[in-house]
């Protein structure tokens with residue numbers, strides 16, 4: 001029986017692709033590194049932890065990467081207005097809360113940035129737990145985020161439904177032995193309600 005639903009954030013709750021793409025290139029450009037087009041960004045960086053992305057994009061050392069992460073966190077609010085919350089999200093979350101389901105966010109986005117986004121769009125109140133890329137040693141596609149949620153909510157991985165839009169989300173769910181639903185668009189999110197007990 002499903003007791004908890006774990007949502008990826010970017011591409012599931014919010015349409016943030018352009019924001020992530022633009023902010024990523026903004027940081028790279030500011031530090032004098034090569035930027036990427038949308039096709040390459042989606043293939044190589046979308047859905048992964050930003051620290052990993054900067055390492056792959058720059059091959060820089062830890063001190064430089066940490067400097068870039070601070071700059072990224074500081075400047076991300078400049079791009080937040082480009083984000084769109086998918087239309088069905090508030091209704092779906094309200095219905096799930098009425099069903100007494102425990103809700104969580106598992107996102108590769110940094111915690112400070114995640115909280116800013118969820119607060120800005122008034123979504124934070126729906127979630128019992130948030131686990132971010134910088135909260136665990138091994139972010140998605142490893143299952144550590146799911147295990148962390150389970151520990152905090154006192155549920156088992158097999159009692160969790162993971163909702164994601166990338167292969168990274170699916171691999172994490174499979175490794176944790178959790179159920180998984182792929183969301184390709186905002187209408188898919190609405191269909192989740194009918195699949196719940």
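The values are calculated or read from the model by the stated rules, or taken from the named source; none is laboratory data. Being a predicted model, the structure only gives us computed values, none of them experimental. Cβ atoms come from the backbone with ideal geometry, glycine included; neighbour counts cover every protein chain shown.
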Checked 84, 98, 70 against criteria (out of contact with any helix residue (DSSP H, G or I) (no Cβ under 9 Å at 6 or more places or on another chain) and closer than 19 Å to residue 133 by Cβ); the one match is 70
Does region 45-63 include one or more residues that are touching a strand residue (DSSP E or B) at 6+ places or on another chain (Cβ under 7 Å) and within 17 Å of residue 163 (Cα to Cα)? no
What number of residues within region 73-90 satisfy the criterion of being under 30 Å from residue 3 (Cα atoms) and in contact (Cβ under 8 Å) with a residue 40 or more places away in the chain? 7
Conditions (1) free of Cβ contacts under 8 Å to residues at least 40 places away in the same chain; (2) surrounded by fewer than 17 Cβ atoms within 10 Å (Cβ to Cβ); (3) within 16 Å of the chain's Cα centre (by Cα); number of the one not met by residue 70: (3)
Do we have residue 38 as surrounded by 12 or more Cβ atoms within 10 Å (Cβ to Cβ), outside the structural domain of residue 165 (by TED's automatic domain parsing) and closer than 20 Å to residue 188 by Cβ here? no
So which of 115, 55, 95, 51 ends up being closer than 25 Å to residue 172 by Cα, touching a residue at least 24 places away in the same chain (Cβ under 8 Å) and assigned to a helix (DSSP H, G or I)? 51
Output for region 98-111, where each listed residue is in a helix (DSSP H, G or I) and surrounded by 15 or more Cβ atoms within 10 Å (Cβ to Cβ): 111
Can you say whether residue 140 is surrounded by 18 or more Cβ atoms within 10 Å (Cβ to Cβ), assigned to a loop (DSSP other than H, G, I, E, B) and either modelled with pLDDT of 95 or more or touching a helix residue (DSSP H, G or I) at 6+ places or on another chain (Cβ under 8 Å) (or both), as far as the supplied structure shows? yes
Any residue at all in region 151-171 that is free of Cβ contacts under 8 Å to residues at least 12 places away in the same chain, outside any loop (DSSP other than H, G, I, E, B) and in contact with a helix residue (DSSP H, G or I) (Cβ under 6 Å, 6 or more places away or on another chain)? no
Step by step: first the residues of region 1-48, then only those that are in contact (Cβ under 8 Å) with a residue 12 or more places away in the chain, part of a loop (DSSP other than H, G, I, E, B) and over 16 Å from the mean Cα position of the chain (by Cα), then the one that is farthest from residue 170 (Cα to Cα). Which residue is that? 31
